[in-house]
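Peer 1: Mind looking over this structure? Questions follow.
The values are calculated or read from the model by the stated rules, or taken from the named source; none is laboratory data. Please read all numbers here as calculations on a predicted model, not as lab measurements. Don't worry about glycine lacking a Cβ; one is built from the backbone with ideal geometry, like all the others, and counts go over all protein chains shown. Surface accessibility is based on the protein's heavy atoms, side chains included, excluding ligands, DNA and RNA. Shrake-Rupley method; radii C 1.70, N 1.55, O 1.52, S 1.80 Å.
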Amino acid sequence: MITVLLVDDHALVRTGYRLMLNAQPDISVVGEANNGVEALARCRDLRPEVVIMDLHMPGMDGVEATSAIVAEFARTKVLMLSTFDLDENVVAALRAGADGFLPKDVSPEDLIEAVRVVHGGEAVVAPRLLTALIRTYVRGDRPRAKIDGLTAREREVLVLIAKGLSNAEIARGLDVSPSTVKNHVTALFAKIEVRDRAQAVIVAYERGLVSPGE
């Protein structure tokens, strides 16, 4: 069971999420909170594996709460949701340590899948937010990541990551095992010096391996 904590200042929203997620055979909502302070306290009591976090809340907002939760609970994954999908919100959430960022109008199916994906250790960013995310990161004098040391297969995997495919989807497309894909991902992340899939996507766009709209 994937244990989930719901954090949102609207009780009706939490109820909707709870009913939807508890209907899944592999997901269980173990608690709720209506602000960041309460979320941190509930994490200490319940140790959820995934926190679905609202961005804008009174008092301690989602970004501050995410930073505090990630610092104290290394194994807890945070999936941020927001009505406002501005690029600065996405960047702030990811910098705080969120493992994903989705707009609140995401489909139930996509939200459920996102919970499973972040629980599995991968990052999730809604495709429509990627361009804004890249535009925000790809500027200034930050050194460009080195991709010359990647093997042909690692470069191929990086492109597929940038196109939004999960490890399982990449494995099916390349006709290899998921563990083989995971090994490629680990190796290429080390070579291009990135922490997660969101940063890897940025590198792929920076170096021209993919273009917006592909």
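Peer 1: For the stretch 1-126, taking Cα atoms only, what is the radius of gyration to one decimal and the Dmax to the nearest whole Å?
Peer 2: Both quantities, over Cα of the stretch 1-126: 12.6, 35 Å.
Peer 1: Taking H as built 1.01 Å from N, whose amide H comes closer than 5 Å to the amide H of VAL51, not counting residues under 5 places away?
Peer 2: Under 5 Å from the amide H of VAL51: LEU5, LYS77, VAL78, LEU79.
Peer 1: May I ask for the angle, rounded to the nearest 10°, between helix 108-119 and the longest principal axis of the chain, with both axes built from Cα atoms and the value confined to 0 to 90°?
Peer 2: Once rounded, the angle reads 70 degrees.
Peer 1: Taking the chain, how much of its Cα-Cα pair set, in percent, is spaced more than 26 angstrom apart?
Peer 2: On the way: 7977 of 22791 pairs.
Tail of the P(r) past 26 Å holds 35 percent of the pairs.
Peer 1: Further, regarding this structure: If you roll a 1.4 Å probe over the heavy atoms of the protein chains, what accessible area per residue do you get for the chain, in Å²?
Peer 2: Details: 10580 Å² over 214 residues.
With all protein chains present, the chain gives 49 Å² per residue.
Peer 1: Okay, next question. Can you give me the angle between helix 36-46 and the longest principal axis of the chain, using Cα atoms only, in degrees from 0 to 90, rounded to the nearest 10?
Peer 2: Helix 36-46 sits at roughly 90 degrees to that axis.
Peer 1: Quick one: which residues, 5 or more positions from ALA33 or on another chain, have an amide H under 5 Å from its amide H? H modelled 1.01 Å from N in the peptide plane, none for Pro or chain starts.
Peer 2: LEU6, VAL7, ASP8
Peer 1: Moving on to the next point. Rounded to the nearest percent, how much of the accessible area of the chain (1.4 Å probe, protein heavy atoms only) is carbon and sulfur?
Peer 2: Numbers: 5460 of 10580 Å².
The nonpolar share, carbon plus sulfur, comes to 52 percent.
Peer 1: Follow-up question, since we're still on this one. Looking only at trypsin sites (Lys or Arg not before Pro) in DSSP loops with at most 12 other Cβ atoms within 10 Å, what is the longest site-free stretch of the chain?
Peer 2: Values: sites that count: ARG75, ARG139, ARG144, LYS146, ARG195.
Looking at the chain, 1-74 is the longest stretch - no exposed trypsin sites (Lys or Arg not before Pro) with at most 12 other Cβ atoms within 10 Å.
Peer 1: Taking only Cα atoms, what is the 0 to 90° angle, nearest 10, from helix 152-162's long axis to the longest principal axis of the chain?
Peer 2: Computed tilt is about 40 degrees.
Peer 1: Check cross-link reach from LYS146 to the lysines: straight Cα distance under 17 Å, and skip same-chain residues fewer than eight apart.
Peer 2: Within the straight-line limit of under 17 Å, LYS146 reaches these lysines: LYS191.
Peer 1: Could you grab the relative contact order for the chain? Cα pairs under 8 Å, six or more apart, rounded to a whole percent. All intermediate terms of the calculation are to be shown ahead of the outcome.
Peer 2: Values: 329 pairs, mean separation 30.1, N = 214.
It comes to 14 percent, rounded to a whole number.
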